[in-house]
Amino acid sequence: MKPMRTVAIFAAVGALVAAVALPAYAASSAPSTAAATSLRQAAVDDAQSLVVASEATAAPIVRGNYSATTPDEIAKKKAEDAAKKRAAAAARVASTGGGNVSNADLQLVAAGSGAVRYPLPAGSYTVSRTLSSSHDGADMAGPAGTPIFAATAGRVRISSESYYGYGVAVVIDGVVGGKRVSTLYAHMINGSRAVQAGQTVSAGQFIGKRGNTGRSYGSHLHFEVEINGSLVEPIAWLRANAG
């Protein structure tokens with residue numbers, strides 16, 4: 001009986017120790033968990049954040065928002081700007097019935113350099129009509145048989161006794177001041193053409209005689225000028241380049 005009493009006493013003591021120690025252990029471990037939870041929450045609460053305004057949007061990159069950078073783009077832009085200026089000059093002349101146009105619009109070479117010549121002798125014509133929406137050139141009226149000269153050097157593209165409504169006509173393609181220049185001479189006298197297609201001519205060279213062929217009403221030279229494919233007012237162009 002004595003041993004059993006001893007065992008019971010030890011069991012009771014063990015239970016008492018366990019009952020006393022367990023709350024203390026639980027109490028000592030609980031703050032640890034709470035502290036860990038608090039640290040994690042604090043880390044989340046103090047974390048840096050990025051706030052994006054609702055108005056902020058991505059700006060699309062549009063091709064037209066930046067300038068040309070390659071040599072080809074720059075050359076194209078310059079050509080477009082020059083074409084716009086020539087068109088504006090022609091419109092001004094058409095609206096005013098043939099007034100002077102600024103040399104800045106039409107000048108390709110120094111006036112009087114010889115690269116551009118008048119197609120008729122001075123004093124041998126009056127300008128009866130200029131460039132307009134219904135007329136592609138200038139009419140330089142005067143006596144039939146007056147000599148006509150090439151306004152620029154170049155290659156004869158057309159030389160015909162019957163070139164549509166132009167009648168007897170010649171077209172010369174050349175380069176002036178780095179620009180492609182085409183000049184047309186129409187209504188010449190039959191048989192007066194002095195140049196043939198494919199022939200190279202110089203500025204001021206005799207090419208035919210003023211007449212009244214094709215769709216024409218009275219002796220005159222119908223004179224057209226194109227620069228890089230765009231029509232310009234011929235008389236203003238002559239004044240700016242031929243002197």
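The values are calculated or read from the model by the stated rules, or taken from the named source; none is laboratory data. As the structure is a computational prediction, the values presented were derived from the model and not from experiment. Every residue, glycine as well, gets a Cβ built from its backbone with ideal geometry; the counts of neighbours run over all protein chains shown.
Among the residues of the stretch 157-191, those that are under 29 Å from the mean Cα position of the chain (by Cα) and either part of a loop (DSSP other than H, G, I, E, B) or of a type in the set (S, T, N, Q) (or both) comprise Gly177, Gly178, Ser182, Thr183. Just so you know, in the stretch 117-138 the residues that are more than 17 Å from Gly243 (Cα to Cα) and among the polar types (S, T, N, Q) include one that is surrounded by the most Cβ atoms within 10 Å (Cβ to Cβ), and it is Thr130.
Would you check if there is a residue in the stretch 219-231 being of a type outside the set (A, V, I, L, M), over 38 Å from the mean Cα position of the chain (by Cα) and under 18 Å from Leu120 (Cα atoms)? Within the stretch 219-231, one or more residues are of a type outside the set (A, V, I, L, M), over 38 Å from the mean Cα position of the chain (by Cα) and under 18 Å from Leu120 (Cα atoms). Listed by first and then second residue, the pairs linking a residue in the stretch 163-177 that is in the same structural domain as Ile207 (by TED's automatic domain parsing) to a residue that is in a strand (DSSP E or B) and of a type in the set (Phe, Trp, Tyr), with Cβ atoms under 6 Å apart and 6 or more places separating them unless they lie on different chains, are Val170/Tyr185. Listed by first and then second residue, the pairs linking a residue in the stretch 218-229 that is more than 10 Å from Ala138 (Cβ to Cβ) to a residue that is of a type in the set (A, V, I, L, M), with Cβ atoms under 6 Å apart and 6 or more places separating them unless they lie on different chains, are Ser219/Ala144; Ile227/Val181.
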